[in-house]
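Following: one structure in structure tokens, then a few remarks.
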């Protein structure tokens, strides 16, 4: 059976949808991602990609698609500490290369880190900021961990919560990356 062509349905959604974001799981695992990005852009939608940057070569193929208007890249830890968070050896080297590729691409981007204080210390946040600044980043978003929907009980019930960015930490991180911002909460 032939599958229906998506173009008529997509065209019918214009005016209701402005953009399509490729996210969830890890979209760069899909070998057809660059073609899908181009197909959606050809339908007249803005196209964005949310990635963890685990595969720099796959990210480069997506960047080269010519379809992306925005890329959000999750920076999980200082590069040397990545394996502690990801449980994948050398994952920090892949993340560093992905940050470099994204910054060199000229595509609008957001570098962001979700902070759970039981997983990342304040010193590690400073290290992330310095590493990103050394790569040329001018902006970085710190997203505060939210327990809703988290399947890991000890993360949800951690005594380290709630994550708070006090004025001292905010000032330190802003001094390193002037475009630093906090999402999901306010300073103490």
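None of the figures in this text is laboratory data; all of them are computed from the coordinates on show. Treat the numbers as computed from the prediction; the structure is a model and nothing was measured. Using ideal geometry, Cβ is built from the backbone for each residue, glycine included, and neighbour counts are taken over all protein chains shown.
Determine the relative contact order of the stretch 101-151: mean sequence separation of Cα pairs under 8 Å and six or more apart, normalised by residue count, in whole percent. Intermediate values should be presented prior to the final figure.
Details: 30 pairs, mean separation 27.4, N = 51.
Worked out over the stretch 101-151, it gives 54 percent.
Estimate the FRET efficiency between residue 17 and residue 108 by the formula 1/(1 + (r/R0)^6), using the beta-carbon distance for r and 22 Å for R0, to the nearest 0.05. The partial results should precede the final answer.
On the way: r = 19 Å, r/R0 = 0.86.
With R0 = 22 Å, the Cβ-Cβ based efficiency is 0.70.
In degrees between 0 and 90, to the nearest 10, how far off the longest principal axis of the chain does helix 167-176 point, with axes built from Cα atoms?
With both axes taken from Cα atoms, the answer is about 60 degrees.
Can you say what percent of the DSSP beta bridges in the stretch 108-188, counting only those with both residues inside, are antiparallel? Round to 5. Don't skip to the answer; put the middle values down first.
Numbers: 0 of 9 bridges.
Of the beta bridges lying entirely in the stretch 108-188, close to 0 percent run antiparallel.
Restricting attention to the alpha-carbon atoms of the chain, what are Rg (one decimal) and Dmax (integer), both in Å?
18.2, 62
Could you state the angle between the C-alpha long axis of helix 122-135 and the longest principal axis of the C-alpha atoms of the chain, as a value from 0 to 90 degrees rounded to the nearest 10?
The two axes meet at around 50 degrees.
Go ahead and estimate [θ] at 222 nm for the chain from helices alone: -39,500 (n - 2.57) per DSSP H run with n ≥ 4, summed, over the residue count, rounded to 500.
On the way: 8 runs with 74 residues, N = 188.
Dividing the helical sum by the residues of the chain leaves -11000 deg cm²/dmol.
Run the numbers on the chain and let me know its relative contact order in percent, using alpha-carbon pairs under 8 Å that are six or more apart. Mind showing how you got there, number by number?
Working: 282 pairs, mean separation 30.0, N = 188.
Over the chain, the number comes to 16 percent.
With angles folded into 0 to 90 degrees, how steeply does helix 33-42 sit against the dominant principal axis of the chain? Use alpha carbons for both and round to 10.
60 degrees
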